[in-house]
1. Restricting the stretch 16-52 to residues that are of a type in the set (A, V, I, L, M, F, W, C) and under 25 Å from the mean Cα position of the chain (by Cα), which is modelled with the highest pLDDT?
2. Got a sec? Which of Ile189, Ile208 is touching a strand residue (DSSP E or B) at 6+ places or on another chain (Cβ under 6 Å) and surrounded by 13 or more Cβ atoms within 10 Å (Cβ to Cβ)?
3. Can you tell me which residue among Thr180, Thr233 is at pLDDT below 95, open to solvent by 30 Å² or more (accessible area, probe 1.4 Å), more than 26 Å from the chain's Cα centre (by Cα) and under 21 Å from Glu49 (Cα atoms)?
4. In the stretch 8-15, is there at least one residue being assigned to a loop (DSSP other than H, G, I, E, B), modelled with pLDDT of 90 or more and open to solvent by less than 20 Å² (accessible area, probe 1.4 Å)?
5. Answer yes if at least one residue in the stretch 195-207 is in contact with a Leu (Cβ under 7 Å, 6 or more places away or on another chain) and under 23 Å from Pro46 (Cα atoms), and no otherwise.
6. Please list, ordered by first then second residue, the pairs with beta carbon atoms under 7 Å, 6 or more apart or interchain, first in the stretch 212-231 and assigned to a loop (DSSP other than H, G, I, E, B), second of a type in the set (D, E, K, R).
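The values are calculated or read from the model by the stated rules, or taken from the named source; none is laboratory data. Since the model is a prediction, treat every value here as computed from it, not as a measurement. Every residue, glycine as well, gets a Cβ built from its backbone with ideal geometry; the counts of neighbours run over all protein chains shown. All accessible areas refer to the heavy atoms of the entire protein, side chains included, with ligands and DNA or RNA removed. Shrake-Rupley method; radii C 1.70, N 1.55, O 1.52, S 1.80 Å.
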Amino acid sequence: MPKVYVRVNPRSQISKRHRCAIEFTQTWKELEDIDAATRAALEEDPYLEVSETPTVLVEVAAAVQTAAPEASGNSIQPTESTAQQDSADAAQGDSEQVGTASAADGQATEINDVKDSGLNGVINDPSDSTSDAPEATSGTDAGKIPGSQQETQAIQDEAGAELSAAKTKQASVAEAHVDTRLETIKVAIAQLDPNNAEHWLSDGKPVIDAVSALAGFKVLAAERDQAWNQVKTQAVAG
């Protein structure tokens, strides 16, 4: 038989449950080579979830692990940015020295040469060059690290959406399973003999063993009470 995965239903009020001599928690437990009777008993338990492919949890972990190295690899880029900024600072210092020498000696030709070399803004307004150089350098690499962060976030968001959808589907299946059991119990209660004292307790509730015999599975006290209350409510409304 294929592997199956079993855990305690997260929507239940319990954290552990023993079934078929096995302890289960809210973490998936992998079972191999179980017989059909054991699997049927696990699937009938309203406090357990049984699945053959709870793969979404593995996909989420893999997606996050894949995104982490990409983000760390791109984080090396600031080293180039720092080197380019240092070059810009050095160019700015040289330009200021040229401007000072030109003003002292009155050599207009040197100023024009500096202007032609692309450092006109440094000579005309040194304060502007101080603010522009880091901005130009950071703009070169600005898209690298934030882009990786956005990609990582997109992967995590997509994985989170898949996980949420899987949990919703599993919860719906579990809820449908509980509703089916409840309807079966209600039918079994309706089949009890109202004149048979062995079928009823002193407080008027059905005997669990009698209900279980008719339902075909072990009925819990909480299930018996819930089904009995619904039967009485329907009888009054009818």
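1. Step one: filter the stretch 16-52 for residues of a type in the set (A, V, I, L, M, F, W, C), giving 20-22, 24, 28, 31, 34, 36-37, 40-42, 48, 50.
Next, from what is left, pick out any that are under 25 Å from the mean Cα position of the chain (by Cα): 24, 28, 31, 48, 50.
Values: Phe24: 92, Trp28: 95, Leu31: 90, Leu48: 92, Val50: 91.
Among those that are of a type in the set (A, V, I, L, M, F, W, C) and under 25 Å from the mean Cα position of the chain (by Cα), it is Trp28.
2. Values: Ile208 fails: touching a strand residue (DSSP E or B) at 6+ places or on another chain (Cβ under 6 Å).
None of the other options fit; the residue is Ile189.
3. On the way: Thr233 fails: under 21 Å from Glu49 (Cα atoms).
Sole residue among the options that is at pLDDT below 95, open to solvent by 30 Å² or more (accessible area, probe 1.4 Å), more than 26 Å from the chain's Cα centre (by Cα) and under 21 Å from Glu49 (Cα atoms): Thr180.
4. Filtering the stretch 8-15 down to residues assigned to a loop (DSSP other than H, G, I, E, B) leaves 9-15.
Then drop every residue that is not modelled with pLDDT of 90 or more, which leaves 9-10, 14-15.
So of that shortlist, the ones also open to solvent by less than 20 Å² (accessible area, probe 1.4 Å) come out as 9.
There is at least one residue in the stretch 8-15 that is assigned to a loop (DSSP other than H, G, I, E, B), modelled with pLDDT of 90 or more and open to solvent by less than 20 Å² (accessible area, probe 1.4 Å).
5. Going through the stretch 195-207, the residues in contact with a Leu (Cβ under 7 Å, 6 or more places away or on another chain) turn out to be 199, 206-207.
In the following step, the residues that additionally are under 23 Å from Pro46 (Cα atoms) were identified as 206-207.
Scanning the stretch 195-207, I find at least one residue that is in contact with a Leu (Cβ under 7 Å, 6 or more places away or on another chain) and under 23 Å from Pro46 (Cα atoms), so the answer is yes.
6. Phe217/Glu44
Let's see how each residue does on (1) surrounded by fewer than 17 Cβ atoms within 10 Å (Cβ to Cβ); (2) modelled with pLDDT of 70 or more:
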residue: Asp113; (1), (2): yes, no
residue: Thr130; (1), (2): yes, no
residue: Thr137; (1), (2): no, no
residue: Glu151; (1), (2): yes, yes
residue: Ser164; (1), (2): yes, yes
residue: Lys169; (1), (2): yes, yes
residue: Ser172; (1), (2): yes, no
residue: Asn195; (1), (2): yes, yes
